[in-house]
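Here the structure is laid out as C-alpha cells; the discussion comes afterwards.
Please treat every number below as a calculation from the coordinates, not as lab data. As the structure is a computational prediction, the values presented were derived from the model and not from experiment. Reconstructed Cβ throughout: ideal geometry from the backbone, glycine too, with neighbour counts over all protein chains shown.
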Ligand SMILES: [Zn+2]
C-alpha cells in the first residue's frame, strides 16, 4: 500500500472509532525501522491531552494487515481517557501496586483491542503473528 492508501484508512477509522476531533499524523516507515507494538509493524505515540496521535506504520505489507494495525493503534488513542483514569487511581496506591496495575491494564487493553479488531474485520483471523505479552517490554502508549 502506498502512503496515500494508508492515510485514507486512518481517516476512515478515525471517523468510525469516534476520534474525529483527534489529529492523527501518519509516518510510513520501512518494516525494519518501526518499533513494534505487541508484534505488529506499527506503533502509536499518544499526546492525549492535545488529542493528538502519531502512528508509525510499515505500509509495505498486505492491505488487510495495514488496516488491522491502523485500527489497533487508533484504539489505543480511543482508550486514552480510560488508561489515564486507571493510571491516576493506581498512582494512589503504594509501590509496587501501581506498576502491577499498569502491567495488568496494558495486557487487558491489548486483549480488548484485539477482540475489537477481529470483530471489525471479519474474515481476517489475525492473531497468528500477534504476540500478546503481559506488558513487559511494551513500548506503545507513550504520552
Ligand atoms: Zn498495541
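How large is the convex hull of the C-alpha atoms of segment 3-120 per residue, in Å³?
Details: hull volume 12.2 nm³, N = 118.
Here the figure is 103 Å³ per residue.
Report the gain in length on full extension from residue 8 to residue 104: 0.36 nm times residue separation, minus Cα-Cα distance, nm rounded to one decimal. Spell out each step's value before the answer.
Numbers: separation 96, 0.36 × 96 = 34.56 nm, distance 3.33 nm.
Value of the extension gain: 31.2 nm.
Tell me, what is the FRET efficiency for residue 91 and residue 61 to the nearest 0.05, using R0 = 41 angstrom and their Cβ-Cβ distance as r?
Details: r = 38 Å, r/R0 = 0.92.
Efficiency computed from Cβ-Cβ geometry: 0.60.
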Percent antiparallel among DSSP beta bridges confined to segment 3-120, rounded to 5, stands at 55 percent
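At a 10 Å Cβ-Cβ cut-off, how would you order 5, 106, 41, 91, fewest neighbours first? Write out the running numbers ahead of the final one.
Values: 5 14, 106 20, 41 23, 91 11.
Fewest to most other Cβ atoms nearby, the residues stand as 91, 5, 106, 41.
Tell me, 27, 73, 45 in order of fewest to most beta-carbon neighbours within 10 Å?
Arranged by neighbour count, lowest to highest, 27, 73, 45 become 27, 45, 73.
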For residue 52 and residue 118, extending 7 Å from Cα along the Cα-Cβ vector and measuring point to point gives, in nm, a value of 3.6 nm
